[in-house]
1. Classify segment 1-53: rounded, prolate or oblate, from the alpha-carbon gyration tensor (a ≥ b ≥ c, eigenvalue square roots; a/c under 1.5 rounded; otherwise prolate if a/b is larger than b/c)?
2. Share of the chain's accessible area from carbon and sulfur, percent, 1.4 Å?
3. How much length would be gained if the chain were fully extended between residue 68 and residue 43, taking 0.36 nm per residue of separation minus their Cα-Cα distance, in nm to one decimal?
4. Please identify every one of the trypsin sites (Lys or Arg not before Pro) in the chain that sits in a loop by DSSP and has no more than 13 other beta carbons within 10 Å of its own beta carbon.
5. Which net charge results for the neighbourhood of residue 51, defined as the other residues with beta-carbon distances under 14 angstrom from its beta-carbon, given Lys and Arg at +1 and Asp and Glu at -1?
6. Enumerate the calculated ³J(HN,Hα) couplings along segment 84-90 in order (Karplus 6.51 cos²θ - 1.76 cosθ + 1.60, θ = phi - 60°), each rounded to whole Hz, writing x wherever the residue is Gly or Pro.
7. Can you tally the net charge around residue 15? Count Lys and Arg as +1, Asp and Glu as -1, for every other residue whose Cβ sits under 12 Å from the Cβ of residue 15.
8. What spacing in nm lies between the two simple spin-label points modelled at residue 56 and residue 80, each 7 Å away from Cα in the Cβ direction?
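The values are calculated or read from the model by the stated rules, or taken from the named source; none is laboratory data. Please read all numbers here as calculations on a predicted model, not as lab measurements. Here the Cβ positions follow ideal geometry from the backbone for every residue, glycine too, while neighbour counts run over all protein chains shown. Quick note on the areas: whole protein, heavy atoms, side chains included, nothing else; ligands and nucleic acids left out. Shrake-Rupley method; radii C 1.70, N 1.55, O 1.52, S 1.80 Å.
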Amino acid sequence: MSKTRDEEWFADDQEQWFAEQKRDEDELQALREEQYREQVMEEVIIEFKQRYMSRLQEEAEEFARAWYRRGFFQGFCAALVGAVLFVYFSS
């Protein structure tokens, strides 16, 4: 039994439709995967920024405390030397 032209056309059309559906599904899956990768990358960047900024803030606070202590110590030493010199030259 041979196929008629209409049957052949229908079979070709159906095969083409299934191929297009498969291609569309593949493109949609690729798009979903790309969106997922972008979302994960954004989350990683945000996490990195938060950790980096937190660590940077901690280091800045530590640096400020060290300079404050150093400045306080230097001020105390300068006052002590000034007092000694004042007493020495006053007598």
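1. In terms of gyration-tensor shape, prolate.
2. So the carbon and sulfur contribution to the accessible surface is 60 percent.
3. 5.3 nm
4. 3
5. Taking every other residue near residue 51 into account, the sum is -2.
6. 3J(HN,Hα) across segment 84-90, in whole Hz: 5, 5, 5, 5, 5, 7, 6.
7. Summing Lys and Arg as +1 and Asp and Glu as -1 gives -3.
8. 3.9 nm
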